[in-house]
Amino acid sequence: MKYFIAFVLVAGLCALAQAQEQSCQVDVQSACGQSANGESGVANCNARYAAIGHLEHKMQDYIHLQLKKSYEYLLMATHFNSYQMNRPGFQKLYQGLSDRAFDDTIALIKQVTRRGGSVDFSKPHQQGVAQPPEVHLNELESLARALDNEKELTNGAIHVHTSATHGTTDNRIHDPEMAHYLQENFLSKQAASVRTLSGYANDLSKLVSVREPALSVYLFDEYLQKQ
(Lines give C-alpha, C1' and ligand atoms only; values in the text may rest on other atoms or scores of the structure.)
Protein backbone atom coordinates (compact mmCIF):
# COMPACT_ATOMS: atom_id res chain seq x y z
CA MET A 1 0.00 0.00 0.00
CA LYS A 2 2.77 2.42 0.89
CA TYR A 3 4.39 1.84 -2.52
CA PHE A 4 1.11 2.70 -4.20
CA ILE A 5 0.84 5.95 -2.19
CA ALA A 6 4.42 6.89 -3.05
CA PHE A 7 3.75 6.19 -6.72
CA VAL A 8 0.65 8.41 -6.67
CA LEU A 9 2.60 11.26 -5.01
CA VAL A 10 5.43 11.09 -7.56
CA ALA A 11 2.97 10.95 -10.45
CA GLY A 12 1.11 13.95 -9.07
CA LEU A 13 4.31 16.00 -8.75
CA CYS A 14 5.36 15.12 -12.29
CA ALA A 15 1.95 16.10 -13.64
CA LEU A 16 2.11 19.41 -11.78
CA ALA A 17 5.61 20.18 -13.13
CA GLN A 18 4.54 19.29 -16.65
CA ALA A 19 1.49 21.55 -16.39
CA GLN A 20 3.67 24.47 -15.28
CA GLU A 21 6.05 23.93 -18.21
CA GLN A 22 3.16 23.76 -20.70
CA SER A 23 1.60 27.11 -19.82
CA CYS A 24 1.49 28.14 -23.49
CA GLN A 25 -0.31 24.94 -24.49
CA VAL A 26 -2.81 25.46 -21.68
CA ASP A 27 -3.44 29.02 -22.89
CA VAL A 28 -4.01 27.84 -26.47
CA GLN A 29 -6.40 25.08 -25.40
CA SER A 30 -8.30 27.51 -23.22
CA ALA A 31 -8.49 30.14 -25.98
CA CYS A 32 -9.65 27.60 -28.57
CA GLY A 33 -12.34 26.44 -26.21
CA GLN A 34 -13.84 29.93 -25.97
CA SER A 35 -16.42 31.43 -28.26
CA ALA A 36 -15.52 34.09 -30.79
CA ASN A 37 -16.40 36.75 -28.24
CA GLY A 38 -14.45 35.13 -25.43
CA GLU A 39 -11.79 37.10 -23.61
CA SER A 40 -9.35 34.26 -23.13
CA GLY A 41 -5.87 34.89 -24.55
CA VAL A 42 -2.49 33.24 -25.02
CA ALA A 43 -0.46 35.47 -22.72
CA ASN A 44 2.12 32.74 -22.03
CA CYS A 45 2.87 32.16 -25.72
CA ASN A 46 5.79 34.56 -25.86
CA ALA A 47 9.58 34.56 -26.18
CA ARG A 48 10.19 35.39 -22.51
CA TYR A 49 12.15 32.88 -20.45
CA ALA A 50 14.92 32.65 -17.87
CA ALA A 51 15.77 36.06 -16.33
CA ILE A 52 14.45 38.46 -18.97
CA GLY A 53 11.99 39.87 -16.44
CA HIS A 54 14.87 40.56 -14.06
CA LEU A 55 17.21 41.96 -16.73
CA GLU A 56 14.81 43.91 -18.94
CA HIS A 57 15.05 47.22 -17.03
CA LYS A 58 18.84 46.86 -16.66
CA MET A 59 19.17 46.34 -20.40
CA GLN A 60 16.99 49.37 -21.01
CA ASP A 61 19.26 51.51 -18.83
CA TYR A 62 22.27 50.26 -20.77
CA ILE A 63 20.55 51.03 -24.08
CA HIS A 64 19.89 54.58 -22.90
CA LEU A 65 23.55 54.90 -21.88
CA GLN A 66 24.78 53.71 -25.29
CA LEU A 67 22.51 56.17 -27.09
CA LYS A 68 23.61 59.02 -24.82
CA LYS A 69 27.30 58.31 -25.50
CA SER A 70 26.66 58.09 -29.24
CA TYR A 71 25.18 61.58 -29.13
CA GLU A 72 28.08 62.89 -27.04
CA TYR A 73 30.70 61.42 -29.39
CA LEU A 74 28.86 62.95 -32.35
CA LEU A 75 29.07 66.38 -30.74
CA MET A 76 32.79 65.87 -30.11
CA ALA A 77 33.33 64.84 -33.74
CA THR A 78 31.48 67.95 -34.91
CA HIS A 79 33.61 70.12 -32.63
CA PHE A 80 36.88 68.83 -34.07
CA ASN A 81 35.53 69.04 -37.62
CA SER A 82 34.99 72.79 -37.33
CA TYR A 83 37.28 75.17 -39.20
CA GLN A 84 38.57 76.55 -35.88
CA MET A 85 39.80 73.16 -34.59
CA ASN A 86 40.47 71.47 -37.96
CA ARG A 87 41.44 68.08 -36.52
CA PRO A 88 40.24 65.48 -39.04
CA GLY A 89 41.99 62.68 -37.17
CA PHE A 90 40.13 63.39 -33.93
CA GLN A 91 36.93 63.88 -35.92
CA LYS A 92 37.37 60.43 -37.46
CA LEU A 93 38.03 58.85 -34.06
CA TYR A 94 34.93 60.28 -32.39
CA GLN A 95 32.70 59.75 -35.41
CA GLY A 96 33.69 56.09 -35.34
CA LEU A 97 32.91 55.82 -31.63
CA SER A 98 29.56 57.52 -32.19
CA ASP A 99 28.62 55.15 -35.01
CA ARG A 100 29.69 52.13 -32.95
CA ALA A 101 27.63 53.21 -29.92
CA PHE A 102 24.59 53.79 -32.14
CA ASP A 103 24.99 50.38 -33.79
CA ASP A 104 25.32 48.82 -30.34
CA THR A 105 22.10 50.55 -29.31
CA ILE A 106 20.27 48.95 -32.24
CA ALA A 107 21.82 45.55 -31.50
CA LEU A 108 20.78 45.71 -27.84
CA ILE A 109 17.20 46.65 -28.77
CA LYS A 110 17.07 43.66 -31.13
CA GLN A 111 18.42 41.37 -28.39
CA VAL A 112 15.84 42.53 -25.85
CA THR A 113 12.92 42.16 -28.27
CA ARG A 114 14.24 38.79 -29.46
CA ARG A 115 13.95 37.61 -25.88
CA GLY A 116 10.37 38.86 -25.60
CA GLY A 117 11.13 42.17 -23.88
CA SER A 118 10.46 45.73 -24.93
CA VAL A 119 12.27 49.06 -24.80
CA ASP A 120 10.38 52.19 -23.80
CA PHE A 121 12.10 55.47 -24.69
CA SER A 122 9.25 57.52 -23.23
CA LYS A 123 10.44 56.72 -19.72
CA PRO A 124 13.30 58.86 -18.33
CA HIS A 125 16.65 57.28 -17.59
CA GLN A 126 17.18 56.20 -13.98
CA GLN A 127 19.71 59.02 -13.53
CA GLY A 128 17.15 61.64 -14.58
CA VAL A 129 17.38 64.15 -17.39
CA ALA A 130 20.96 64.36 -18.63
CA GLN A 131 22.65 67.73 -18.89
CA PRO A 132 24.20 68.65 -22.26
CA PRO A 133 27.80 67.44 -22.23
CA GLU A 134 30.71 69.86 -22.44
CA VAL A 135 32.34 69.11 -25.78
CA HIS A 136 34.45 72.23 -26.34
CA LEU A 137 37.60 70.47 -25.19
CA ASN A 138 41.18 70.46 -26.37
CA GLU A 139 42.69 67.32 -27.85
CA LEU A 140 44.02 65.79 -24.64
CA GLU A 141 40.91 66.66 -22.64
CA SER A 142 38.74 65.03 -25.29
CA LEU A 143 40.73 61.79 -25.09
CA ALA A 144 40.33 61.80 -21.31
CA ARG A 145 36.57 62.30 -21.73
CA ALA A 146 36.36 59.50 -24.29
CA LEU A 147 38.30 57.15 -22.01
CA ASP A 148 35.92 57.90 -19.13
CA ASN A 149 32.98 57.25 -21.45
CA GLU A 150 34.34 53.89 -22.55
CA LYS A 151 34.95 52.84 -18.95
CA GLU A 152 31.36 53.84 -18.13
CA LEU A 153 30.07 51.74 -21.02
CA THR A 154 32.27 48.84 -19.91
CA ASN A 155 30.99 49.02 -16.34
CA GLY A 156 27.43 49.13 -17.66
CA ALA A 157 27.96 45.91 -19.60
CA ILE A 158 29.63 44.30 -16.58
CA HIS A 159 26.66 45.27 -14.38
CA VAL A 160 24.16 43.56 -16.68
CA HIS A 161 26.46 40.56 -17.18
CA THR A 162 26.88 40.15 -13.42
CA SER A 163 23.12 40.32 -12.93
CA ALA A 164 22.68 37.61 -15.57
CA THR A 165 25.28 35.25 -14.13
CA HIS A 166 24.49 35.51 -10.41
CA GLY A 167 21.59 33.58 -8.99
CA THR A 168 20.04 30.23 -9.75
CA THR A 169 17.59 28.85 -12.25
CA ASP A 170 15.01 28.37 -9.50
CA ASN A 171 14.67 32.08 -8.67
CA ARG A 172 14.70 33.12 -12.35
CA ILE A 173 17.62 35.56 -12.15
CA HIS A 174 20.15 33.35 -13.94
CA ASP A 175 20.38 33.86 -17.71
CA PRO A 176 23.35 32.17 -19.44
CA GLU A 177 22.18 33.22 -22.92
CA MET A 178 22.13 36.92 -22.07
CA ALA A 179 25.47 36.64 -20.26
CA HIS A 180 27.01 34.94 -23.30
CA TYR A 181 25.62 37.62 -25.62
CA LEU A 182 27.20 40.41 -23.57
CA GLN A 183 30.48 38.52 -23.24
CA GLU A 184 30.75 37.92 -26.97
CA ASN A 185 29.55 41.30 -28.24
CA PHE A 186 30.49 43.90 -25.63
CA LEU A 187 32.98 43.01 -22.90
CA SER A 188 35.91 42.09 -25.15
CA LYS A 189 35.22 45.00 -27.51
CA GLN A 190 35.00 47.47 -24.63
CA ALA A 191 38.25 46.20 -23.12
CA ALA A 192 40.02 46.81 -26.44
CA SER A 193 38.53 50.31 -26.71
CA VAL A 194 39.65 51.25 -23.18
CA ARG A 195 43.16 50.00 -23.94
CA THR A 196 43.37 51.98 -27.20
CA LEU A 197 42.13 55.27 -25.75
CA SER A 198 44.30 54.99 -22.64
CA GLY A 199 47.30 54.55 -24.92
CA TYR A 200 46.31 57.59 -27.00
CA ALA A 201 45.86 59.73 -23.89
CA ASN A 202 49.23 58.75 -22.44
CA ASP A 203 51.06 59.25 -25.74
CA LEU A 204 49.54 62.68 -26.32
CA SER A 205 50.20 63.80 -22.74
CA LYS A 206 53.90 63.20 -23.35
CA LEU A 207 53.83 64.98 -26.71
CA VAL A 208 52.22 68.15 -25.34
CA SER A 209 54.68 68.43 -22.47
CA VAL A 210 57.19 70.23 -24.74
CA ARG A 211 57.46 74.03 -24.91
CA GLU A 212 55.67 74.32 -28.30
CA PRO A 213 53.27 71.37 -28.63
CA ALA A 214 51.42 72.55 -31.77
CA LEU A 215 53.50 70.44 -34.18
CA SER A 216 53.23 67.40 -31.91
CA VAL A 217 49.44 67.65 -31.79
CA TYR A 218 49.30 68.11 -35.58
CA LEU A 219 51.40 64.98 -36.14
CA PHE A 220 49.29 63.01 -33.67
CA ASP A 221 46.15 64.05 -35.55
CA GLU A 222 47.81 62.87 -38.76
CA TYR A 223 48.47 59.54 -37.04
CA LEU A 224 44.78 59.21 -36.05
CA GLN A 225 43.71 59.78 -39.64
CA LYS A 226 45.63 56.65 -40.69
CA GLN A 227 44.08 54.39 -38.05
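The values are calculated or read from the model by the stated rules, or taken from the named source; none is laboratory data. The model shown is predicted, which means the values in this text are computed figures rather than measured ones. With ideal geometry, Cβ positions are generated from the backbone for all residues, glycine too; neighbour counts draw on all protein chains shown. Calculation scope for accessible area: heavy atoms of the full protein, side chains included, ligands and nucleic acids excluded. Shrake-Rupley method; radii C 1.70, N 1.55, O 1.52, S 1.80 Å.
Relative to the present Cα-Cα distance, how much length would full extension add between residue 121 and residue 99 at 0.36 nm per residue of separation? Please list the in-between numbers first.
Working: separation 22, 0.36 × 22 = 7.92 nm, distance 1.95 nm.
In short, 6.0 nm is gained.
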Next on the checklist: For the full complex of protein chains and a 1.4 angstrom probe, list 63, 109 by accessible area with the highest value first.
Outcome noted: 109, 63
Next on the checklist: With every protein chain left in place and a probe of 1.4 Å, what is the accessible surface of residue 180, to the nearest 10 Å²?
Outcome noted: 110
Checklist entry - With every protein chain present, what accessible area does residue 49 have (1.4 Å probe, heavy atoms only), rounded to the nearest 10 Å²? => result 110
Checklist entry - Put a dot 7 Å past each Cα toward the Cβ at residue 82 and residue 141; how far apart are the dots in nm? => result 1.2
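Could you give the length gained on full extension between residue 185 and residue 49, defined as 0.36 nm per residue of separation minus the Cα-Cα distance, in nm?
The residue 185-residue 49 span can extend by a further 46.9 nm.
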Item to check | residue 206/residue 155 FRET efficiency (R0 22 Å; Cβ-Cβ; nearest 0.05) | outcome: 0.20
